[in-house]
1. Take the Cα of residue 32, step 7 Å along the line toward its Cβ, and report every residue of the range 45-78 whose backbone nitrogen sits under 17 Å from that point.
2. Enumerate the calculated ³J(HN,Hα) couplings along the range 77-94 in order (Karplus 6.51 cos²θ - 1.76 cosθ + 1.60, θ = phi - 60°), each rounded to whole Hz, writing x wherever the residue is Gly or Pro.
3. Using the Karplus curve 6.51 cos²θ - 1.76 cosθ + 1.60 with θ = phi - 60°, what ³J(HN,Hα) values do you get for each residue of the range 59-68, in whole Hz, with x for Gly and Pro?
4. Net charge near residue 20, counting Lys/Arg +1 and Asp/Glu -1 over other residues with Cβ under 13 Å of its Cβ?
5. Looking at the square roots a ≥ b ≥ c of the eigenvalues of the Cα gyration tensor of the range 58-197, which shape do they give, rounded for a/c under 1.5, prolate if a/b is larger than b/c, or oblate?
6. Can you find, among 172, 196, 81, the residue sitting farthest towards the positive end of the charge dipole of the chain, where Lys and Arg contribute +1 and Asp and Glu -1 at Cβ?
7. Okay, helix-only estimate at 222 nm for the chain: each DSSP H run of n ≥ 4 adds -39500 (n - 2.57), divide by all residues, round to 500 deg cm²/dmol; what do you get?
8. So for the range 36-104, averaging the separation of alpha carbon pairs under 8 Å that are six or more residues apart and normalising by length, what relative contact order in percent results?
Amino acid sequence: MTEHDPFSAGAVRAAYDAAAADYVREFGDDLAALPLDRAMLDAGWDAAGGGGWALEAGCGPAPAADYLAGRADRVVGLDLSATMLATARRRVPHVRPVHADLRRVPLRDRSCSLVVAYYTLQHVPRTDLAPALAELRRVLAAGGVLVAATHLGEGDVVVEEFLGHVDHPFAGALHGRDEFVRALDAAGFRVEEEQTRGPLPHEYASQRLYVLCRAA
């Protein structure tokens, strides 16, 4: 995969680096208006048993990390975009920032009780979904919990313009519910709860799937 491929790490990184300030203005405080997102975080933390480390993979401005702070022993925010991660540091100073690709998480095996992956797995190509999930499974302790959200649909979407920025096209993979659940099962996760919601007015026009699953 070349750096010109809209699914490449370089393409995704460049798009979010360029749009970081606008992204935070547009979406940074959305968690307060999303009761389902918060409820899934609460349910995930409770299911994980409390304590331990929590990882927000693809954290952007780190809303989930901020929400979980004070409950976890340590909250880690991982992002591919250094500019987005700098924003997370400013907004959530108690988060431990990690600049990395979620396909290569620089954390020890079984180091986390909870992993949150809200709207980040769509940025890996469909062929990389299995290894990305396997990597998230690797860092979860036995019985640990993954809470993930993704866009439902078919095929791939190439974004030519992102929050007014047009120089860095990047791609997202839409997944069917059964496809996504099969990938989770193959990676060693057991789905315990599913929820769906529609978009807010300023969000991408798709149905969203939320899953709470346990490391089997």
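The values are calculated or read from the model by the stated rules, or taken from the named source; none is laboratory data. Computed from a predicted structure; not experimentally measured. Here Cβ is always computed from backbone atoms with ideal geometry, including for glycine, and neighbour counts include all displayed protein chains. Ligands, DNA and RNA are stripped out before the accessible areas are found, and what is left, the full protein with its side chains, is counted by its heavy atoms. Shrake-Rupley method; radii C 1.70, N 1.55, O 1.52, S 1.80 Å.
1. Counting only backbone N, you get 61-69.
2. Result, rounded to whole Hz: x, 10, 8, 6, 8, 5, 5, 5, 5, 4, 5, 4, 4, 5, 7, 10, x, 8.
3. Listing the rounded values in order: 6, x, x, 6, x, 5, 4, 5, 5, 8 Hz.
4. Working: positive: 13, 25, 89, 90, 91; negative: 17, 22, 26, 79.
That works out to +1.
5. Working: a/c = 1.71, a/b = 1.04, b/c = 1.64.
It is oblate, given that a/c is not under 1.5 and a/b is not larger than b/c.
6. Highest projection toward the positive end goes to 81.
7. Values: 6 runs with 70 residues, N = 216.
Calculated from helices alone, the mean residue ellipticity at 222 nm is -10000 deg cm²/dmol.
8. On the way: 117 pairs, mean separation 19.9, N = 69.
Across the range 36-104, relative contact order equals 29 percent.
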